[in-house]
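Just so you know, all these numbers are worked out from the coordinates, no wet-lab data involved. Note that the coordinates shown come from a computational prediction; the quantities given were computed from them, not determined experimentally. Cβ placement follows ideal geometry from the backbone for every residue including glycine, while neighbour counts extend to all protein chains displayed.
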Amino acid sequence: MTTSLTAAHPAQRRILTVLVTAQILSGAGLAAGITVGALLAQDMLGGAGLAGLPSALFTIGSAAAAALIGRASQRRGRRTGLAAGYAAGAAGALGVVAAAAAGSVGLLFASLLVYGAGSATNLQARYAGADLAAPQRRGQALSTVLVATTLGAVVGPNLVTPLGGLARILGIPPLAGPFLLAAAAYASAALVLGVLLRPDPLTTARSLSAAVPDSATPTAGRTGSAHPRMLVLGGTVMVLAQLVMVAIMTMTPIHMSQHGHSVGAAGLVIAVHVGAMYLPSPLSGYLVDRVGSLPVAAASGLTFLAAGLLGALAPPGSVALLALALALLGLGWSFGLVAGTAIVTDAVPLAARARIQGLVDMAVAVAGAGGGLASGMVVAAGSHALLSAIGGVLALLVLPAILWSARPTRRR
């Protein structure tokens, strides 16, 4: 039986179920480890001077892993690439536990680099959800994979205290406890994908594409030709979304602390923000499928502008307005990531899809790292309000990028 490339493959529902299961597991590991990484480094180093280094190492590792996972997926399929990525994340988490037990700062930093592979894999899994989806439901498919991370990400940080108790029983520093969960969660996700992600969505999509004449499959995502402008546009949308989101999110808790808010209040605002990043994913996917990727990409820029202006104008004492600003920030990120992913998936041929997607995600990770570093400099030289305003205006660059991509190509 042959399957039309304009309809979902019969195995698509099963593939989404397997991916969602793995995302729930990996989400717990991702959130639990990030929650205490800086605290663990501060404890081992005896001061806060280099406490931000774990985040930088984690991001560098994530960027490098994104490219490697994309290349592995291109050669051997999504199952191999994603399972290997989660296995590396689990190994990195165990390395962090060993470093904490041995008091080895060098091992800690090396392990955090490897641990970043788990985050890269968690994000790359969205592409696997779209490989066999019907074109008119591609946005919904990839957003289903994205939203599944939410459950694990909410549960993970709430297990920090009991995991610290478990670590104490095992004779290791309590702050290493969440990395035990991360190791188990990533290893479980790797096992689920390695055993159950069959048929492989990417290799199956290639087989279907080879069986259908090019005339019946007019878009780049199903033939051998790429659309460079659309590829650049999709990457630009995701890079801008990550840069602006990370920059403003990073400095908001510090801004709140400087104005007398408690750690609990800052945590609440960040929780609202994270929820707004992932929970609206089905809405983002629905809009991409119904009205198209370009309008949703434009909506991303406008939503970021609203978030930036509200963050700049909100009284520092208003937790409610700051939470609303970061909710809009999360929604803008959701619009940008889902729309950008759909654009990139449509713009690249199956013959190079996973490799190029990995390179795009590497650029996204680097943009996030740059946003985090630049945000502190902007606030130090100006204010949180200035950072928010700059971020909102910067996100509007997506609009001329959309217009540029729509210009007709000149031919000699």
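How big is the dipole moment of the chain about its Cα centre under a simple scheme where the beta carbon of each Lys and Arg is +1, that of each Asp and Glu is -1, and everything else is neutral? Debye, nearest 20, please. Could the numbers behind the result be given before it?
On the way: 22 positive and 7 negative charges, 266 e Å.
Around 1280 debye, computed over the chain.
Think of it as helices only: each DSSP H run of n ≥ 4 in the chain is worth -39500 (n - 2.57), and spread over all residues that comes to -27500 deg cm²/dmol at 222 nm. All alpha carbon pair distances within the range 50-131 were sorted into 10 Å bins beginning at 0; the resulting P(r) in whole percents reads 21, 47, 23, 8, 0. In the chain the Cα-Cα distances spread across 10 Å bins starting at 0 as 5, 23, 33, 25, 11, 3, 0, 0 percent of all pairs. Under a Cβ-only charge scheme (Lys and Arg +1, Asp and Glu -1), can you give me the dipole magnitude of the range 12-212 about the Cα centre, in debye to the nearest 20? Charge dipole of the range 12-212: 800 debye, to the nearest 20.
For the ranges 177-188, 369-380, 162-173, 387-398, what's the packing order if you count other beta-carbon atoms within 10 Å of each residue, average per peptide, and put the highest first? Don't skip to the answer; put the middle values down first.
Numbers: 177-188: 25.8, 369-380: 17.0, 162-173: 14.7, 387-398: 22.6.
Result, highest mean first: 177-188, 387-398, 369-380, 162-173.
Mind pulling the angle between the C-alpha long axis of helix 149-158 and the longest principal axis of the chain? Nearest 10 degrees, somewhere in 0 to 90. That helix lies at roughly 10 degrees to the long axis.
Only Cα sites of the range 12-212 enter the Debye sum here, all with the same form factor; the resulting log10 I(q)/I(0) across q = 0.09, 0.10, 0.11, 0.17 1/Å is -0.34, -0.41, -0.49, -1.01, listed in q order. Return the whole-Å distance between the Cα centroid of the range 338-368 and the Cα centroid of the range 91-128. That distance is 23 Å. The mean sequence distance of close C-alpha pairs (under 8 Å, at least 6 residues apart), as a share of the length of the range 245-322, puts its relative contact order at 30 percent.
Once fully extended, how much extra length lies between THR17 and ALA56, figured as 0.36 nm per residue of separation less the alpha-carbon to alpha-carbon distance?
Values: separation 39, 0.36 × 39 = 14.04 nm, distance 3.28 nm.
That works out to 10.8 nm of additional length.
By average Cβ neighbour count within 10 Å, what is the ranking of 124-137, 325-338 from highest down?
Working: 124-137: 24.0, 325-338: 27.1.
Put in order of decreasing packing, that is 325-338, 124-137.
To the nearest ten degrees, helix 105-130 and the longest principal axis of the Cα atoms of the chain are 30 degrees apart. Normalised by residue count, the range 320-412 yields a Cα convex hull volume of 137 Å³ per residue.
With the convex hull drawn over the C-alpha atoms of the range 227-406, the volume per residue is 101 Å³. Counting only alpha carbon atoms, the long axis of helix 201-211 and the longest principal axis of the chain meet at about 10°.
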